[in-house]
Amino acid sequence: MDEQLDHAPCGFLTLSEDGLILSINHTLLTILDYTQNPFIGQHVNSILTVPARLFFQFYFFPLIKLEQHVEEMYISLVSSKGDEIPVLINALQKERTEATVLECILIPMRKRSEYENELLLAKKETEAALKAKDQANAELEATLKKLEKQKEELLELNKQNHNYKIETKKELELARIIQETSLTNPINNEKVEMEVFYNASSELSGDIYGIYQMDQHHYGVILLDVMGHGISSALITMTLHSLFQRLLSAGVAVDIVMKELDRHLHKLFENNEEARHYSTAILLAIDTDRQIIEYINAGHPPALWQDSDGKQCELSSTAPPLGTFEGIEFKANSFTFGKGDRLLLYTDGVDPLASDHLAPLLKETVSLPLVELKEKILQSLNHEKNIYHKSDDESFILIDLK
């Protein structure tokens, strides 16, 4: 990179088609608060916030492949200190002799973002005040009308409401039991050892997982997170569960499983776009005989693979979430594993920073038994809840390969 471009008044980087960082200028490193360059060969996710990672998968890569350029796309970077940095990105796809390269210019937008946020906040506060006023007037009018009715009618209404709440609570509790009963048990034998954790933020969860052994050497593991949580998300998880249970139990290839799940979501909402839900998912096919793992990550937080020496690798997203774009081709990636390797699959309720919290914990406990590692993660989760008061569905799967 020449001197002028390296110290240009804007950030500059080049990416491969797969999103790997090929070069990055000094200006962008300064914006990110780095004195050294640790990013060459890393995925662009390493400098993006979690929402920006999903945005890249949903819009940036599909758009630049379609139009060969991107103009003034608004995303957020993350600095070395974890601060969010809003930028505008312009990108151009260029065909070089050796490969296709994406050239990107990034312009910080801190002040503009602050002004826009202030305007949006003022607008929301005004709308909320007007809405509160209208609601107060409506409630006052309704109250005056209710005072004209007989006390017996009011008591009867309260009684019916109370009975409805009791019945609803019973139904939700039954639905929760049914949902949790559908979850498969972890598998523990001479080939694999597993631990799982599942916790709904309310009565019902948008998380679901399945663990299946097809024969002596083949295992299937899937973890899904449907957008949102509560009744609507839980209903969708159950429809997806019946489908992936049938497909994985039959040993269907991972790309076909993902294709069928994606097709199911599109068909489910083809007549009601407003009710559309999306789902992130990660699916693993483990062959303990050949010591090979095939996987597909559809917009899900990257799973962590760690070998017996503590070396780690992220199983990053390879496709958009299920239900986003029709006609997506799901291509499986694969890697070999050895004795003592460890895998961690999780939903964003466990680590919203996409492994920034879990990866160090996993490395520090490389020799710890799986059941004790699970307890460490749970302790860390409780600590995070106490600090940030977060509430989201939480699920993770730990796998040791023997």
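The values are calculated or read from the model by the stated rules, or taken from the named source; none is laboratory data. From a predicted model like this one, the values you see are computed outputs, not experimental measurements. Backbone-built Cβ (ideal geometry, glycine too); neighbour counts: all protein chains shown.
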Tally time: how many residues in the stretch 245-288 are in contact with a strand residue (DSSP E or B) (Cβ under 8 Å, 6 or more places away or on another chain) and not in a helix (DSSP H, G or I)?
14
Answer yes or no: is there a residue in the stretch 251-263 that is touching a residue at least 60 places away in the same chain (Cβ under 8 Å) and touching a helix residue (DSSP H, G or I) at 6+ places or on another chain (Cβ under 8 Å).
yes
Which count do you get for residues in the stretch 8-20 that are surrounded by 14 or more Cβ atoms within 10 Å (Cβ to Cβ) and in contact (Cβ under 8 Å) with a residue 40 or more places away in the chain?
8
Looking only at residues in the stretch 317-352 that are under 14 Å from Q306 (Cβ atoms) and among the aromatic types (F, W, Y), which one is surrounded by the fewest Cβ atoms within 10 Å (Cβ to Cβ)?
F335
Restricting attention to the stretch 302-311, report how many residues are touching a helix residue (DSSP H, G or I) at 6+ places or on another chain (Cβ under 8 Å) and assigned to a loop (DSSP other than H, G, I, E, B).
2
Residues (modelled with pLDDT of 85 or more, under 29 Å from Q68 (Cα atoms) and of a type in the set (S, T, N, Q)) located in the stretch 83-142
N90, Q93, T100
Do we find that S23 is touching a Phe, Trp or Tyr at 6+ places or on another chain (Cβ under 6 Å), surrounded by fewer than 20 Cβ atoms within 10 Å (Cβ to Cβ), touching a residue at least 12 places away in the same chain (Cβ under 8 Å) and not assigned by TED's automatic domain parsing to the domain that holds T324 in this structure?
no
Mind checking whether some residue in the stretch 215-235 is of a type in the set (S, T, N, Q), assigned to a helix (DSSP H, G or I) and either farther than 19 Å from N185 by Cβ or in the same structural domain as A298 (by TED's automatic domain parsing) (or both)?
yes
Of the numbered conditions (1) farther than 17 Å from L106 by Cα; (2) more than 27 Å from the chain's Cα centre (by Cα), G11 fails exactly one; give the number of that condition.
(1)
